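J.: Submitted below is the structure of interest, expressed as structure tokens.
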């Protein structure tokens with residue numbers, strides 16, 4: 001596929017229009033006989049889940065569908081999927097859908113393979129034994145979950161978003177078929193695409209950045225920045241769809257090697273408290289975080305933007321240029337630009353800042369952030 005995706009990843013990547021038909025072959029290579037397919041109603045309605053199941057059944061594999069995935073999966077959905085897995089006894093799990101389906105598949109695997117409850121796996125390296133092999137079939141270009149060993153699962157009672165990571169939770173294969181993204185509603189494409197853009201931006205400046213993560217961030221940005229609006233303006237452009245899908249995957253690899261920063265820490269409480277879609281919450285906060293980080297990271301932002309300097313509609317310069325670009329494309333994509341327009345009450349900003357300060361990703365921001373800095377960023381976005 002691409003040399004950069006074969007660097008040393010435990011995940012095998014397949015890319016190209018129509019590649020979903022190879023799902024059965026990939027499952028066979030992992031010695032699968034019984035496969036649990038984890039998907040959601042929207043992807044099922046689009047016909048993609050049926051295509052995946054048909055590819056599995058064409059090679060004699062027995063399948064079972066769990067269709068109870070919802071956006072931002074919680075412990076409730078994971079436990080419902082676990083009940084299906086306990087009954088069906090799969091030997092492989094497929095996450096077919098957006099990041100929610102893939103994360104839910106990982107969550108089900110933790111509980112099915114290792115027991116306990118989802119909270120037991122909050123953190124890194126908490127699996128107590130081997131997990132079932134898994135295959136990812138993303139139908140959006142956004143989270144990059146297909147190239148990460150983390151599952152993001154919310155506690156149904158506290159609404160706390162838990163990052164549950166373990167090398168054993170990495171997908172064994174990921175099938176990137178841009179045809180599967182053609183049915184994304186425009187708003188889904190906007191939300192997921194901006195999330196992918198943010199991953200390229202945030203991973204490039206974290207305290208955990210490395211030569212490897214920086215390469216993935218740059219390669220992701222090169223594909224995402226010129227094609228984000230192109231996909232929204234020309235939804236049938238399969239070439240742009242493919243670039244977005246590759247960019248999201250590469251950005252996921254950047255996260256795996258670098259983590260994220262303050263924009264994601266600020267976004268999570270907005271989703272938990274006000275139900276603001278993750279991509280929109282990121283769009284509200286990222287430009288302000290980029291300007292804030294520019295005091296220390298302007299040269300790194302300049303490096304990132306140099307990778308797309310030849311594209312007419314991409315910015316050049318440093319933090320200010322990047323922040324302006326992010327605000328402009330978010331606006332053109334129909335995403336909100338003010339917290340006040342999303343129903344966020346000003347008197348609750350301090351409470352939100354408390355929550356943001358407790359988010360794991362806050363600790364990787366290049367400039368240390370505490371309640372005071374996070375509150376200031378919320379105020380700027382309000």
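J.: Mind checking which residues of the range 256-268 are modelled with pLDDT of 95 or more and assigned to a helix (DSSP H, G or I)?
T.: Within the range 256-268, 262, 263, 264, 265, 266, 267 qualify.
J.: Given the criteria closer than 29 Å to residue 355 by Cβ, buried (at least 22 other Cβ atoms within 10 Å of the Cβ) and modelled with pLDDT under 95, does residue 143 qualify?
T.: yes
J.: When you go through 232, 191 one by one, which is the residue that is closer than 19 Å to residue 311 by Cβ and either in a helix (DSSP H, G or I) or not assigned by TED's automatic domain parsing to the domain that holds residue 108 (or both)?
T.: So the residue among 232, 191 that is closer than 19 Å to residue 311 by Cβ and either in a helix (DSSP H, G or I) or not assigned by TED's automatic domain parsing to the domain that holds residue 108 (or both) is 232.
J.: Same structure, new question: Give the residue, chosen from 334, 317, that is outside any helix (DSSP H, G or I), on the phi > 0 side of the Ramachandran plot and in contact (Cβ under 8 Å) with a residue 60 or more places away in the chain.
T.: 334
J.: Still on this structure: Looking at the range 337-381, which of its residues are without any contact (Cβ under 8 Å) to a residue 24 or more places away in the chain and outside any helix (DSSP H, G or I)?
T.: The answer is 345, 358, 368, 370.
J.: Can you go through 55, 27 and tell me which one is crowded, with 19+ Cβ neighbours inside 10 Å, over 23 Å from the mean Cα position of the chain (by Cα), closer than 30 Å to residue 220 by Cα and in contact (Cβ under 8 Å) with a residue 60 or more places away in the chain?
T.: 27
J.: Another question, if that's okay. Given the conditions (1) in the same structural domain as residue 18 (by TED's automatic domain parsing); (2) over 27 Å from residue 49 (Cα atoms); (3) crowded, with 19+ Cβ neighbours inside 10 Å, report the number of the one that residue 160 does not fulfil.
T.: So the condition that residue 160 fails would be (3).
J.: Okay, next question. Only one residue in 322, 326 is within 21 Å of residue 277 (Cβ to Cβ) and either surrounded by 22 or more Cβ atoms within 10 Å (Cβ to Cβ) or in contact with a helix residue (DSSP H, G or I) (Cβ under 6 Å, 6 or more places away or on another chain) (or both). Which one?
T.: Being within 21 Å of residue 277 (Cβ to Cβ) and either surrounded by 22 or more Cβ atoms within 10 Å (Cβ to Cβ) or in contact with a helix residue (DSSP H, G or I) (Cβ under 6 Å, 6 or more places away or on another chain) (or both) holds for just one of 322, 326, which is 326.
J.: Which residue, of 331, 340, 370, is under 19 Å from residue 271 (Cβ atoms), surrounded by fewer than 20 Cβ atoms within 10 Å (Cβ to Cβ), out of contact with any strand residue (DSSP E or B) (no Cβ under 7 Å at 6 or more places or on another chain) and in the same structural domain as residue 269 (by TED's automatic domain parsing)?
T.: Selected residue: 340, the only one of 331, 340, 370 that is under 19 Å from residue 271 (Cβ atoms), surrounded by fewer than 20 Cβ atoms within 10 Å (Cβ to Cβ), out of contact with any strand residue (DSSP E or B) (no Cβ under 7 Å at 6 or more places or on another chain) and in the same structural domain as residue 269 (by TED's automatic domain parsing).
J.: Let me ask something else about it. Whether any residue in the range 121-132 is assigned to a loop (DSSP other than H, G, I, E, B), outside the structural domain of residue 37 (by TED's automatic domain parsing) and either surrounded by fewer than 22 Cβ atoms within 10 Å (Cβ to Cβ) or touching a residue at least 24 places away in the same chain (Cβ under 8 Å) (or both) is what I want to check.
T.: no
J.: OK, next. Quick one: is residue 288 assigned by TED's automatic domain parsing to the domain that holds residue 243, part of a helix (DSSP H, G or I) and free of Cβ contacts under 8 Å to residues at least 12 places away in the same chain?
T.: Taking the combined requirement at face value, the residue does not satisfy it.
The values are calculated or read from the model by the stated rules, or taken from the named source; none is laboratory data. Since the structure is predicted, the reported quantities are computational estimates derived from the model, not experimental observations. In this analysis, Cβ positions are derived from the backbone assuming ideal geometry, glycine residues included, and neighbour counts consider all displayed protein chains.
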